[in-house]
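What follows draws every value from the coordinates through simple rules; no lab data is involved. The shown structure was predicted, so the numbers you read here are calculated from the model rather than taken from an experiment.
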Amino acid sequence: MTSVHAAPDPAALRDLAVSAARKTGALLLHHAERGLRGLDTKSTVTDMVSDADREAEELLERLLMTARPDDALLGEEGAGRTGTTGLRWVVDPLDGTTNFVFGYPHWAVSVAVEDEHGVLAGAVY
């Protein structure tokens, strides 16, 4: 049996993206204030990932999947799940990790939701 879902409301999706990005930004500001912990590299020595990246992605996943548990998710740090609604959240929990690591205030939380036609809503905070 196929799951039937109502057409998504782009304004509601945008509001969720904004709320999730702001809450995740607050978590990252806390990390920035207390100092960096748990720094590793991914594909190259300049492709860094920190505990802040991982915790931010966990928070985004929890916020988005609590609100929309049947949607799919793709995260920069490896989070992923399939969904049944035709919608997929694409998140970069700490866009600009290198700047974050070196204390430059030029980083962001990026959250978007897409369907098979492209992006429906998003937020960069």
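Some observations on this one:
- Scanning residues 5 or more positions from Leu120 or on other chains, those with amide H under 5 Å from its amide H are Val113, Glu114, Asp115, with H placed 1.01 Å from N in the peptide plane.
- Rg and Dmax of the stretch 70-114, Cα atoms only, in Å: 12.8, 40
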